[in-house]
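**Student:** Take this structure, written in structure tokens, and hold onto it; I'll ask about it next.
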Amino acid sequence: MAGEDQPIIIKRKKKVVGGHHGGSWKVAFADFATAMMAFFLVLWLTSTASPEQKLAVEGYFRDPVGFTEGGSPNPVDLEGSASVVNEATQDVADSQVQIKDEVVDQLSDTLEKRRMQELFQELKQRIEQNKTLQEFKDQLLIDITDEGLRIQIVDRSGRPMFDSGRAELKYYSQEILFELAKTLGSVNNKLSITGHTDATPFNGRPGYTNWELSADRANTARRALVAGGVRPEQIARVVGLSDSVLFDKENPTAPVNRRISIIVLNKKTAEDIQHSAGGGDVPVIDLTRPTDAEAQQAMDKLKAGDWQQDKPKPAPGELNW
């Protein structure tokens, strides 16, 4: 058939692209222009920089953090934010140092006063709970002074700490000092021990007055405290004041004027004692006397615990409670 021999014709239409080749070349050209600008900027900076600045830039690229020699976190100072930050940091540091200097002493004093208050409460609790101290609590006066925590052991009518004109402790006075030493030996503060007498003149032997007697009594109290647990290096001062500082000024011969005062010194007072004595770090004892044979014998009995055998403990009714 004639229709079967007819050729098949396929027409292909070619799409004509518009008058441009896309936008990718613009991005590439912009990157090239930026790189060239940066390159010429680097060349300009290099030509105008000083040798020191060039070394700083070189060190920065080697170590931006600035840990090695030649490195620097701020190689070029343009008098901008970096300098402002450094100056502000320095001002803050100066103000912090100044504030620390102003408040450190006050904070130290506050903490020390708090420790003194805690020690005060601890001693009061010990007096209430300890049978020995509770019996003699009317002879124990505790308060806080400018020097520190003060404990005064005073005489009562019919119940003195020492025999008249003597520096040997009564057996119950030793008990009091032993019990107090358990608490006083647990602190790091220095201790001051002061002996006082009343205004009655001492006529026991020539050349021996209330001054020597009060000093001997203070030193006897020191030995008892050390035997009871106070460290020897804690003792900062042992003095006798005779009747120069009366407890009852209206009645100079009252028994309460005869007393031993123990002060747990605060830091300032302890330092003042050292400076006034012209000493260094070595504790100063103002008045100490060599231990004679009688005192040494008493100390041996005291340490051995057999001092009660010489002087029996009187009944409570005999002590005029």
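**Student:** Out of the residues in the stretch 135-174 meeting the condition of being among the small types (G, A, S) and within 38 Å of the chain's Cα centre (by Cα), tell me which one is nearest to A218 (Cα to Cα).
**Tutor:** The qualifying residue nearest to A218 (Cα to Cα) is A167.
**Student:** Under the condition of being surrounded by fewer than 20 Cβ atoms within 10 Å (Cβ to Cβ) and of a type in the set (A, V, I, L, M), which residue from the stretch 194-234 is nearest to L184 (Cα to Cα)?
**Tutor:** Here the residue is V226.
**Student:** May I pose another question? Regarding the stretch 194-216, can at least one residue be identified that is hydroxyl-bearing (S, T, Y) and under 26 Å from the mean Cα position of the chain (by Cα)?
**Tutor:** No, every residue in the stretch 194-216 fails to be hydroxyl-bearing (S, T, Y) and under 26 Å from the mean Cα position of the chain (by Cα).
Every read-out reported here was derived from the displayed coordinates using simple, explicitly stated rules and does not represent laboratory data. None of the values given here were measured: they were computed from a predicted structure. Using ideal geometry, Cβ is built from the backbone for each residue, glycine included, and neighbour counts are taken over all protein chains shown.
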